[in-house]
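Structure first, then comments.
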Amino acid sequence: MFDAVGRNFGFLMGGLWVTFQLSFFALTGGILLGMIVGLARLSKKPWIYYPVTAYVNFLRNIPLILVIFWFYFVMPILVGRSIDPFPSAVISFIIFEATYFGEIFRAGYQTISKDLVNASYATGMTYWKTARYITIPIAFRRMLPSLITQSIVTFQDTSLAFVIGLRELVRRTSIVDNLEVRSIELYGFAALVYLVVCLIGSQISHYFEEKGRKASII
Amino acid sequence: MIEIKKLNKWFGDFQVLVDVDEVIERGQTVVICGPSGSGKSTLLRCINGLEPFQKGDVTVDGVSVADPKTNLYKLREKIGMVFQRFELYPHMTALQNITLAPMKVRKWSRRKAEEKARQLLERVGIPDKADVYPANLSGGQQQRVAIARALAMEPDYMMFDEPTSALDPEMIKEVLDVMIDLAKGGMTMLCVTHEMGFAREVADEILFMDHGRIVERGTYEGFFNNPKTDRAKEFLAQILD
């Protein structure tokens with residue numbers, strides 16, 4: 001019965017490849033920016049804390065789909081030329097996901113005692129060196145299960161980029177469906193692909209959770 | 001030389017340090033004791049700028065800690081510090097804990113930093129623990145790694161903040177032996193500790209603090225055999241119990 005899928009398999013997998021690419025950039029950028037956002041949310045300097053907190057609260061309280069839309073339509077006005085769906089989607093995802101990753105990192109930083117940081121300062125390490133070699137790596141390891149969970153959510157969320165015409169898996173599925181008119185089987189297949197990728201992801205998360213518990217290095 | 005001049009510090013409305021004056025000459029070992037909450041740890045943290053203070057000053061080799069132009073990171077390179085709860089980096093092996101600052105701050109090569117780290121592990125008596133993570137070391141071993149980590153920066157001064165009070169009794173000696181060795185080797189040391197045996201052996205001066213003030217100072221014999229204030233008598237009676 002999956003013959004409509006079979007006939008368009010290459011085209012659909014091309015969409016999965018776009019989904020992976022978008023996820024890769026969204027996650028890399030979102031996690032890197034999230035590390036900084038998390039630090040800023042713990043900053044004692046008001047000119048860092050308040051703007052970043054406003055940014056986090058703003059984006060966490062509006063739906064992602066609006067951010068994607070808004071960014072796609074506003075950017076051309078701001079930069080003076082039209083912008084392709086892919087870079088537009090990447091930037092929207094990075095600024096949106098960074099708020100979620102930022103809160104995860106913030107929670108991770110808060111598990112680190114003040115004197116551990118002082119121990120680093122006492123050897124002459126600067127704030128940024130301490131962040132790079134001590135605070136961020138420890139928070140990253142302690143929060144790894146949460147980071148993987150959020151990464152899985154992000155991977156699923158990339159399907160929302162279809163609203164600005166990005167030809168990722170869901171968009172391509174709908175294109176094929178317009179020709180084949182086999183909605184149940186085509187969207188069922190797309191769902192299956194997401195399910196398999198996400199199940200693999202959650203197994204990886206589970207593995208690290210167990211490993212972290214056993215090693216108690218952290 | 002470390003000079004503390006009329007140092008005053010408040011946490012909100014609560015005054016933790018009151019007019020603290022002290023001079024620590026090169027090569028001296030000064031022991032600070034006193035009941036908990038008397039401001040001993042805070043005093044150490046003011047000296048290397050980990051805690052800000054509101055009045056007075058501390059100078060280290062003439063460089064003022066209070067001066068906003070002072071690069072505190074640079075200043076801390078020459079003041080090693082050891083903490084009550086060791087504070088080793090949990091995601092790094094003993095060797096990595098020791099080599100981090102020499103490599104990232106002093107810009108030593110990995111080879112040079114590791115060579116130095118292995119010498120220091122030898123010196124503190126645990127050369128076989130280089131590749132072990134802190135979670136798999138005993139408290140005494142962790143504290144000795146922490147001392148090696150501080151010494152790796154080749155500091156001119158060492159500060160110890162109750163280095164043995166989180167240790168089981170049988171491990172206290174192995175840490176004190178390292179500290180005694182250091183003091184006898186000519187290191188300038190500032191130790192917050194209640195280990196009177198250590199004080200007897202190496203202290204040039206003992207400071208007794210209470211409610212943020214230095215209420216007594218003197219040699220070990222003077223303080224131990226002939227405390228002047230009731231507060232110090234009470235304190236000595238308690239710790240000797």
Condition set open to solvent by less than 40 Å² (accessible area, probe 1.4 Å) and within 15 Å of A:Ala139 (Cα to Cα), scope segment A:108-129, selection nearest to the other protein chains (Cβ to nearest Cβ): answer is A:Leu116
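Which residues, counting only those in segment B:135-164, are more than 14 Å from chain A (Cβ to nearest Cβ) and among the hydroxyl-bearing types (Ser, Thr, Tyr)? Break it down stepwise before answering.
Initially, segment B:135-164 is screened for residues more than 14 Å from chain A (Cβ to nearest Cβ), giving B:138-141, B:144, B:164.
Within segment B:135-164, B:Ser138, B:Thr164 qualify.
Being among the aromatic types (Phe, Trp, Tyr) and facing chain A (nearest Cβ under 10 Å) is the filter here; which residues of segment B:71-119 pass it? Write out each step before concluding.
Start the filter on segment B:71-119 by keeping residues that are among the aromatic types (Phe, Trp, Tyr), which leaves B:73, B:83, B:86, B:89, B:108.
Once the filter is applied, which keeps residues that are among the aromatic types (Phe, Trp, Tyr) and facing chain A (nearest Cβ under 10 Å), segment B:71-119 yields B:Tyr73, B:Phe83, B:Phe86, B:Tyr89.
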For segment A:1-26, pairs from a residue that is surrounded by fewer than 15 Cβ atoms within 10 Å (Cβ to Cβ) to a residue that is of a type outside the set (Lys, Arg) and modelled with pLDDT of 90 or more, with Cβ under 7 Å and 6 or more apart or across chains, are A:Met1/A:Glu185; A:Phe2/A:Glu185; A:Phe2/A:Phe189; A:Phe11/A:Val176
So the strands (runs of 3 or more DSSP E) completely within segment B:167-241 holding 1 or more residues that are touching a helix residue (DSSP H, G or I) at 6+ places or on another chain (Cβ under 9 Å) and under 30 Å from B:Gly125 (Cα atoms) are B:188-192, B:205-210
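So is A:Val176 open to solvent by less than 30 Å² (accessible area, probe 1.4 Å), modelled with pLDDT under 95 and farther than 30 Å from B:Asp156 by Cα or not?
Numbers: open to solvent by less than 30 Å² (accessible area, probe 1.4 Å): yes; modelled with pLDDT under 95: yes; farther than 30 Å from B:Asp156 by Cα: yes.
Against the criterion (open to solvent by less than 30 Å² (accessible area, probe 1.4 Å), modelled with pLDDT under 95 and farther than 30 Å from B:Asp156 by Cα), A:Val176 qualifies.
Inspect segment B:130-141 for any residue being under 24 Å from B:Lys40 (Cβ atoms), open to solvent by less than 60 Å² (accessible area, probe 1.4 Å) and not in a loop (DSSP other than H, G, I, E, B) and give the result as yes or no. Walk me through how you get there before you give the answer.
Of segment B:130-141, the ones under 24 Å from B:Lys40 (Cβ atoms) are B:139-140.
After this cut, where a residue has to be open to solvent by less than 60 Å² (accessible area, probe 1.4 Å) as well, the list is B:139-140.
If we keep only those that are not in a loop (DSSP other than H, G, I, E, B) as well, we get B:139-140.
Within segment B:130-141, one or more residues are under 24 Å from B:Lys40 (Cβ atoms), open to solvent by less than 60 Å² (accessible area, probe 1.4 Å) and not in a loop (DSSP other than H, G, I, E, B).
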Pairing a residue in segment A:162-173 that is under 13 Å from A:Ala190 (Cβ atoms) with any residue that is buried (at least 22 other Cβ atoms within 10 Å of the Cβ) and of a type in the set (Asp, Glu), where Cβ atoms lie under 8 Å and the two sit 6 or more apart in sequence or on different chains, gives A:Phe162/A:Glu168
The lone condition B:Gly125 fails out of (1) away from every other protein chain (no Cβ under 14 Å); (2) modelled with pLDDT of 95 or more is (2)
Taking segment A:76-101 and keeping residues closer than 18 Å to A:Phe162 by Cα and in contact with a Ser or Thr (Cβ under 6 Å, 6 or more places away or on another chain) leaves A:Glu97
Checked segment B:36-70 for anything in contact with a Phe, Trp or Tyr (Cβ under 8 Å, 6 or more places away or on another chain), more than 14 Å from chain A (Cβ to nearest Cβ) and surrounded by 17 or more Cβ atoms within 10 Å (Cβ to Cβ); matches are B:Ala66
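The values are calculated or read from the model by the stated rules, or taken from the named source; none is laboratory data. Note that the structure is predicted; figures quoted are calculated from it, not measured. Don't worry about glycine lacking a Cβ; one is built from the backbone with ideal geometry, like all the others, and counts go over all protein chains shown. Surface areas here come from the heavy atoms of the whole protein model, side chains and all, with no ligands, DNA or RNA. Shrake-Rupley method; radii C 1.70, N 1.55, O 1.52, S 1.80 Å.
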